[in-house]
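As C-alpha cells, the structure follows; a few thoughts come after it.
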Amino acid sequence: MKILMLSSDDKAFNKNSAVRSRLLEYSSLFDDLRVLIYTRRKDLVKPEQISDRLVLYPIQTVFKPAYVWLAFMSAAKILKNGGPWRITSQDPFETG
C-alpha cells in the first residue's frame with residue numbers, strides 16, 4: 001500500500017527527532033510512504049530519502065496559505081507514479 005501524508009511537523013527533517021523515528025516506523029508498515037511537510041522558506045531543507053520506503057518533501061513558503069496550492073502540485077506529481085494511493089493528513093483542519 002502506498003501512503004501520501006500531509007504534515008506540518010518540520011521536526012521530521014531533524015535526524016534525531018522522535019517525529020522522524022515515528023515516520024520511519026510507519027514506513028515499515030507500507031510499501032511506500034511519502035510525506036509532504038510544511039516548512040518555512042528560510043529553513044531551506046531539501047527532499048530527503050530516509051529509506052527505500054520513506055521520502056520527506058518540504059513544501060516551503062513564507063505565506064502559509066500558499067501551502068495548499070504547493071502541496072497540491074507536489075502531491076499531483078507523486079500520485080502520477082501509479083498504483084492505488086491512500087492520502088492522510090496530520091489533522092483535518094490545518095493540513096486536511
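The values are calculated or read from the model by the stated rules, or taken from the named source; none is laboratory data. Values in this document were obtained by computation on a predicted structure and should not be read as measured data. Positions of Cβ are generated from backbone atoms using ideal geometry, with glycine treated the same way; all protein chains shown enter the neighbour counts. These area figures cover heavy atoms from the full protein model, side chains too; ligands, DNA and RNA do not enter into them. Shrake-Rupley method; radii C 1.70, N 1.55, O 1.52, S 1.80 Å.
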**Prompt:** If you go through region 3-22 one residue at a time, do you hit one that is acidic (Asp, Glu) and assigned to a strand (DSSP E or B)?
**Reply:** no
**Request:** Could you please let me know if Lys46 is assigned to a helix (DSSP H, G or I) and open to solvent by 30 Å² or more (accessible area, probe 1.4 Å)?
**Result:** no
**Prompt:** Any chance region 68-75 includes a residue that's hydroxyl-bearing (Ser, Thr, Tyr), in contact with a Leu (Cβ under 9 Å, 6 or more places away or on another chain) and under 14 Å from Leu4 (Cα atoms)?
**Reply:** yes
**Message:** Please determine whether any residue of region 26-33 is in contact with a Gly (Cβ under 9 Å, 6 or more places away or on another chain) and assigned to a strand (DSSP E or B).
**Reply:** yes
**Message:** Report every pair of residues separated by at least 6 positions or lying on different chains whose Cβ atoms are under 8 Å apart, first residue within region 78-92 and at pLDDT 90 or above, second part of a helix (DSSP H, G or I) and not acidic (Asp, Glu).
**Reply:** Trp85/Ile78; Trp85/Leu79; Ile87/Ala75
**Request:** Test Ala75 against the criterion of being among the small types (Gly, Ala, Ser), at pLDDT below 95 and crowded, with 16+ Cβ neighbours inside 10 Å, and give yes or no.
**Result:** yes
**Complete:** Residue set Val62, Val68; condition in a loop (DSSP other than H, G, I, E, B), open to solvent by 30 Å² or more (accessible area, probe 1.4 Å) and without any contact (Cβ under 8 Å) to a residue 60 or more places away in the chain; output residue Val62
**Request:** Kindly indicate the residue of region 1-27 that is crowded, with 18+ Cβ neighbours inside 10 Å and among the polar types (S, T, N, Q) and also modelled with the lowest pLDDT among those meeting that condition.
**Result:** Ser7
